[in-house]
Structures are given as C-alpha cells and as structure tokens.
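Here is the structure we will look at.
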Amino acid sequence: MLQAFADYMSYHLFGLSPASHLGAAVNFFIYDTIKIFLMLALIIFLVSLLRSFFPAERTKKILSHKREFVGNILAALLGIVTPFCSCSAVPVFIGFVESGVPLGVTFSFLISSPMVNEVALVLLWGMFGWKIAAIYISTGVSVAIVGGIVIGRLKLEHLVEDYVYNLKMGETEIAALNWKDRMNYAWGYVIDILKKVWLYVIIGIAIGGLMHGYAPADFLVKYAGRDNLFAVPLAVLIGVPLYSNAAGIIPIVNVLMEKGMAMGTVLAFMMAVTALSLPEMIILRKVLKPKLIAIFVGIMSVTIIFVGYLFNFMMG
Amino acid sequence: MNVKILGSGCSSCAKLEKVVREAIDDLGIVVDVEKVQDVAGIISYGVMSTPALVIDEQVKLVGKVPNRVRMVEILKQALPQ
C-alpha cells in the first residue's frame, strides 16, 4: 500500500519516469519517509509504555549487590528497558554506586542503555529488516556485558571522583502510575523524540535517496568492503562525534551498505555513533576521573572494532 | 506550599518548570518554586531520573513532564484542604 502511494506520488503526481534516476530517487524518498515515521511513532510508543514499568530507581534495587557476570548480564538487559537520557547519567551513576551496584555492573548498564536505543532500533528494523535489528541488539548487549566485566576486573574504584562516595542517597516511594498516565507519557515521548529527530531523518533519507538513484551499486566495495582492513577502525573514528545525528545516520548507512559497505563495518559504525558519545563523556566527567573515561573509551573502541571484524569475517 | 524542580539544566527540566508555573497561574495560588540543580541535592531525594517534581518535600514525579492539565491536578491534590 505504501509502495503504491509512493509510486502514485512520484510517477503520476510529479510525472517522473520510473526508469529515470530522479524518479527512482524521489520514489525511494517518499516511500522511506512515510515508512520510517510510521514505524518510529509505533515503536517509540510501545517502548515507552514498556519503560514506564522499569524506572531507574527500580533497576537500581534489582542490581544492588549483584555479583560479577550475573550482575553484568542483568544490567545490560535492564539497560534496554530502563528509560535513560544522558542528562541523567550523573544521578544514575551516583545512585547505582551508592546502593552497592559494583562499578563494572554499573558500566554494563551505562553502555547498553544508550546503545540499544529505540530510534536506532526502529531505523535498523525498517531499513535492514528484523534480523539485522536483532543482531544489533544482541551484539550491543554482549559488548555491554564484556565491557562491564573488563572494567570491573580492572578494579578502578579509585578512579571515581571521591565526592561520589560521600554523597547520601535518599529513599523515596514513588507513586505507581495508572494506565492512563502510562499512555499519556508514552505519547508525550513519541512527540518529543519525533520533534527532536524528524529533520535529521528527512535529511538522512534524502541523501540516501540521492545515492540510491545515482551512485553505482558497487561504488563503495573498494573503500568499505570486507577486504579493506582499515574500514572498521575508520568507521568507529567517524562515528564518535556523530551522536546527535544517530537518527539521520541510519538511512545513509542503509545506502552505504547497498553500495557495498560490509555488514560488520556498518554495525561498528552504528555502535560508535550510539555508545561512544562525546556529550555523554563530558557529563560523566563530573563523576569519573579523566583516566577512567579514557579507559572506558579505549575498551569500548577495541570491543566495537572487534565486533566489526568478527561480523565481516563471519559473513564473508 | 513549596514546589521543587529537581534537575541539572536539561531541556526537559526547563519544560517542567514552565508547566509548573503555568499550572500555578491557572490555579491562581501562591507557591514557592525552587530549582534544585546540584547532584547532591537531587539524589538526597532518592531521585535518579531528572526532571523530578517535589511538592512539600514529597516526590511526586520522576523523569517525566506532565501536560498542563495533569499538572493542575497534581497541584490541586497537594493543596492543603
């Protein structure tokens, strides 16, 4: 039905030829824009509804005094369903440490929470299919588990700013929500997130549409194909400063892949964009000493690059 | 009545403050609105997700911004009888 609408718009209304580059590009743009926005609205709504059952305060209780490994797995999984915005990273970090969540387990949460985010998920699903979205979630969770365990093993507690250990966390009973509240908040999040990302998504799809129509199909094989070993680290390097544009990046990535970028390189790029964000590092600087931030970024980069190579190797 | 808005300067924190002030205007009541921006102050209420709303030292909302109508309801409920 969507395809029929896109065909009608581009070939009848605009009078473009289906065989022309411009026709293909416009058709792709209309189809993808409608599809992605419908999916975004639906999935953000459902995810927000689910998340209303897992406030950070409850997650903290579940994770407190959990042991290594079991704790890391739980933390990485809870990271998916606990609502988290990088602006709350500091109180979340302090809250976790205060209530006896081990440092490594806290990091598993801090890695998984932004990486497995609903916008990235929708876009991956919409443009690559559910299998790729599932691969992204499971590798994301694995990276969070491994990263957290490594940081836990390194015994870096002394690299947390000292004042954190002296703060006193209050106790509070937060009133339970009813279904009407949950629906209202979920709808509010949909509007909020769409307002924040719509422009990036449209620009991303437009660039994607242009490349779809104009660039030859094997355009990128030489630069970003499986055989270029530098592609993965380079993708990670480019991905780090792109955080705020995660939403717009995926439609472009879709086309990059179509034109020959290898799967593992695409995954590594996506993970770098979502998990290694500059603004979040700056916020975390309030509670972590610079050395710990450097170690964190180092471990994440190595793990993500490893995932990239692994997938390129397996899928070759 | 004393209302505190907990949050260290994120965009939703500003939004919460705006909604609170609008709701106070709607009700035509006199309320102290205070902003708590330091982390120590925020977590002393046991709150981890910002913005949060505290009315008369009781945490009413965490990590959410309600709409104006809902905010009026919340304030009404907290009014001394």
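The values are calculated or read from the model by the stated rules, or taken from the named source; none is laboratory data. Since this is a predicted model, take the numbers as computed values, not measurements. Cβ atoms come from the backbone with ideal geometry, glycine included; neighbour counts cover every protein chain shown.
Worth a mention:
- Residue check: B:LYS35 meets all listed conditions (1) within 13 Å of the chain's Cα centre (by Cα); (2) farther than 20 Å from A:LYS286 by Cβ; (3) not aliphatic (A, V, I, L, M) but one, namely (2).
- Residues of the stretch A:252-276 classified as of a type outside the set (Asp, Glu) and more than 14 Å from the chain's Cα centre (by Cα), total: 12
- Selection within the stretch A:3-33 - loosely packed, with under 13 Cβ neighbours inside 10 Å, hydrophobic (A, V, I, L, M, F, W, C) and not in a loop (DSSP other than H, G, I, E, B): A:ALA4, A:PHE5, A:LEU13
- Qualifying positions in the stretch A:164-188 - part of a helix (DSSP H, G or I), more than 10 Å from every other protein chain (Cβ to nearest Cβ) and either at positive phi or without any contact (Cβ under 8 Å) to a residue 12 or more places away in the chain (or both): A:TRP179
- A:LEU49 vs. criteria at negative phi, within 14 Å of chain B (Cβ to nearest Cβ) and in a helix (DSSP H, G or I): yes
- Of residues in the stretch A:277-297 being within 15 Å of the chain's Cα centre (by Cα) and in contact (Cβ under 8 Å) with a residue 40 or more places away in the chain, the one surrounded by the fewest Cβ atoms within 10 Å (Cβ to Cβ): A:PRO279
- The residues of the stretch A:34-82 that are small (Gly, Ala, Ser), crowded, with 22+ Cβ neighbours inside 10 Å and either over 19 Å from the mean Cα position of the chain (by Cα) or at pLDDT below 85 (or both) amount to a single one, A:GLY71.
- Which numbered condition A:SER142 fails, given (1) within 14 Å of chain B (Cβ to nearest Cβ); (2) within 20 Å of A:VAL116 (Cβ to Cβ): (1)
- The residue list A:LYS222, A:LYS155, A:LYS195 contains one member that is basic (Lys, Arg), assigned to a helix (DSSP H, G or I) and at pLDDT 85 or above, which is A:LYS195.
- Residues located in the stretch A:87-131, provided they are within 12 Å of chain B (Cβ to nearest Cβ), in contact with a Phe, Trp or Tyr (Cβ under 9 Å, 6 or more places away or on another chain) and either under 19 Å from A:TYR185 (Cα atoms) or assigned to a loop (DSSP other than H, G, I, E, B) (or both): A:VAL101
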